[in-house]
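Readers should treat all values here as calculations from the given coordinates under stated rules, not as data from a laboratory. Since this is a predicted model, take the numbers as computed values, not measurements. In this analysis, Cβ positions are derived from the backbone assuming ideal geometry, glycine residues included, and neighbour counts consider all displayed protein chains.
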There are 2 protein chains.
Amino acid sequence: MRAVTLKDIARETGFHVSTVSRALDPRARSALTDEVVQKVAAAAERMGYRPNRLAAGLRTKRTRTVGLVIPDITNALFPPIVRGVESVLEPLDYVSIIVNTDSSRDRERSQIGVLLERGVDGIIHAAVERDDPFIGDLERQKVPFVTVNRALDHSAAPAVVNDDAGGIREMMKLLVEQGHREIAHIAGPQRLSTGVERLAAFRAAAEAFGISVPEYYIQRSDLLVETEGRRCAEALLSLNRPPTAILAANDRLALGAFEAIADLGLDCPGDVSVTGFNDNEFLRLIPPGLTTVRVDKLGAGRRAAEVLIGLIDHPETAPDPRTVLPVELVRRGSVAPPRTGALEAQKRPGVA
Amino acid sequence: MRAVTLKDIARETGFHVSTVSRALDPRARSALTDEVVQKVAAAAERMGYRPNRLAAGLRTKRTRTVGLVIPDITNALFPPIVRGVESVLEPLDYVSIIVNTDSSRDRERSQIGVLLERGVDGIIHAAVERDDPFIGDLERQKVPFVTVNRALDHSAAPAVVNDDAGGIREMMKLLVEQGHREIAHIAGPQRLSTGVERLAAFRAAAEAFGISVPEYYIQRSDLLVETEGRRCAEALLSLNRPPTAILAANDRLALGAFEAIADLGLDCPGDVSVTGFNDNEFLRLIPPGLTTVRVDKLGAGRRAAEVLIGLIDHPETAPDPRTVLPVELVRRGSVAPPRTGALEAQKRPGVA
DNA sequence: CGGCGTGAAGTTTGCGCTAACGTCACACGG
DNA sequence: CCGTGTGACGTTAGCGCAAACTTCACGCCG
């Protein structure tokens, strides 16, 4: 069952292949008489013609394919971003090829390689590290690309990010208003822009609110996973003077903190308040309900795709180097006023 | 910055393009002297050669691309299936193009169309309905394809499914052992194979355990979403003789039942036990912990990819028409023995 | 010692498509 | 009445690659 080609339609209709090609191309159609266009369209329809994008791509050097580099599609943060991207790409007749890096540089390199072999017209990168070493290659090869959610340190590459600083500030404000003064931070990995941004914002906000944060109130996680959140929270809660609130750099770290709190026989928010970042799905169903910062995942994906398309269609015009998406505080049960002194009193006998 | 082609390497090394092509092709390499292979490989490396898969695909009619049709990547069931698929595809140098149907037939048709235009070597379909009308076309065009998770009604197409019947039976056994006799079912949409399979299994298991199930204990959902689960559960709990256990056809329906139970001021598992199917992530964190049937999502994706590759590489040999993956009961807090008579006593005064 | 198999390379072709270019007829203005 | 523009279509080339086919030299065997 060979596929129907332009040549077949040409034979059938008696026109030349290139006439058929034009008749089927909305942009070139105007150069032809209506009669020809009608006949060709009818024949194409009747014969079940389906354009071969590969051949067209080979000729035009445009595949209408974009690469989407993410750490792991299994991570609830990314599917909505993907849908956002596709919501703008699909109407434009693009498809995306998604690759997972599993946060491994080796995998990132090879996966970007497969995207390039496939001739993607551009890349949306949701897994960059601040000093990503493979990005230079892309820039040198003039492959249009955008980063989402995260940004590069020294690069003019357009980035679509969330208002990390604003979100952290809001959160700090809430905690302070609730009466907290001993506020700790579980920072994200410092090789990610979100990790350093949120940590810096944490420090800045603390200072703005007149809260002093000792260094040991800042725990750096190595990965954005629950186990790391748990480890960091355990360290914080084992301090002689444990914090009354833990502001985590993301939801998964916060979920890990929940576990640590439960393990130590403590209560959230009774003994410790906890906050997150991102507002992943299902969070509202998990007690006591994580107070967090909602980021617009769909919007981020959408915007990234728009920027990328701009880059592809108008390579000369400089794009917005940076889009900062607004965030929104979501209050749930994990924040309450501190129970003054209660935590220390309770802990002293138990812990060495 | 034009990409390096075989021709460039040929000019550089003095060999002919086809010699270069062979030197770079592991299968054809053996026909060349080591010296040539070495030189070509070195030049390719040095010049940063990257094969153009489009051109190769145009020539060979093999794109090493598969299409992955899913309802919605945002649905937690699918990312692990996707990873499973890619875990076998990636080492074979394939990529996948994922399309979301949003359970719409129009979208499904057009999305399958874009996959075909892209010349995918095969399709893994995780969104089929029992009488899917577009599948006939695929079979006629001899496009290799497999269904995952769901199956077609009248088709020889290979399917990778879970042991729905076994899972339901196990679940029924558990409920009966716990002392339940009034067991209701929130069935999945009957246009999906899982919907009818699980309903049939529910009836069969009930009979096997000597449980009689009145028709009004079976509520059919229209979509596999929480709101539908809630609607169905409300209907069941508003009966004069409400069930003591609700066996839902999937986790999301069960989560909806949780909501309905809470809304009615009832307690799970105190007043009603609830069970699900699939074992989506994060379920363990949602109280009281859904007792459910764990399906091997990664394994399903993996198996589907293996079957598809078999179909692609050996079109003549008939594949296993059906792979049934084992499932596992996961006990959590949502099932407890019925509080005999308590529910009725409590409800009578309140509900008409 | 001649023919022939074989190994190692080169030549050619064409996958399906698009874009640059060519042709031809007709209309229109000076 | 002829040149020239223009509209409508045909011709050609080539994107990058792989596979079929060709060439050529060498060695071996009868």
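Observations on the structure shown:
- Span-like helix ranges in chain B, DSSP H, alpha carbon extent 15 angstrom or more, Kyte mean at least -1.0: B:34-47, B:78-89, B:105-117, B:164-177, B:193-208, B:226-237, B:251-263, B:297-313
- The Kirkwood hydrodynamic radius of segment B:1-139, based on inverse pair distances between different Cα atoms, is 17.6 Å.
- Debye, to nearest 20: dipole size of segment B:224-277, +1 on Lys, Arg Cβ, -1 on Asp, Glu Cβ: 160 debye
- Local net charge near A:Val4, Cβ-Cβ under 15 Å (Lys/Arg +1, Asp/Glu -1): +4
- Evaluated at q = 0.11 Å⁻¹: base-10 log I(q)/I(0), Debye formula over Cα of the protein assembly as shown: -1.24
- Over 15 Å [Cα-Cα, segment A:176-230], rounded percent: 49 percent
- For the cross-link pairs A:Lys7/B:Lys7; A:Lys61/B:Lys7; B:Lys142/B:Lys297, the ones whose C-alpha atoms lie over 25 Å apart are A:Lys7/B:Lys7; B:Lys142/B:Lys297.
- Using C-alpha pairs below 8 Å separated by at least 6 residues, the relative contact order for chain A is 17 percent.
- Of the trypsin sites (Lys or Arg not before Pro) found in segment A:41-74, the ones in coil according to DSSP and having at most 15 other Cβ atoms within 10 Å of their Cβ are A:Lys61, A:Arg62.
- As a rough guide to protection, the peptides A:267-274, A:17-24 ranked by mean Cβ packing within 10 Å, highest first, stand as A:267-274, A:17-24.
- Label spacing, shortest first and in nm, from A:Arg46 to its equivalents in the remaining copies (7 angstrom along Cα→Cβ): 5.8
- DSSP bridge analysis restricted to chain B gives an antiparallel fraction near 10%, rounded to the nearest 5.
- Across the identical copies, how the A:Arg105 labels are spaced - nm, sorted shortest first, 7 Å along Cα→Cβ: 5.3
- The coefficient of translational diffusion for segment B:6-51, derived via Stokes-Einstein from the alpha carbon Kirkwood radius under 10 °C and 1.306 mPa s, stands at 158 µm²/s.
- Scaled to the globular estimate 2.2 N^0.38 Å, the Cα spread of chain B, given as radius of gyration, is 1.29.
- For segment A:114-193, applying the loop criterion from DSSP together with a ceiling of 12 other beta carbons within 10 Å to the trypsin sites (Lys or Arg not before Pro) yields A:Lys142.
- Computed [θ] at 222 nm, deg cm²/dmol, chain B (DSSP H ≥ 4; -39,500 (n - 2.57); rounded to nearest 500): -12500 deg cm²/dmol
- Counting, for every residue in A:231-242, the Cβ atoms of other protein chains within 10 Å of its Cβ and taking the mean gives 0.
- GNM remark for chain B: springs join alpha carbons under 10 Å apart, and the peak mean-square fluctuation among B:Asp121, B:Asp131, B:Asp164 falls on B:Asp131.
- Inter-chain Cβ neighbour average for residues A:78-90, partner chain, 10 Å: 3
- Check: segment B:6-51 dipole with +1 on Lys, Arg Cβ and -1 on Asp, Glu Cβ, in debye: 140 debye
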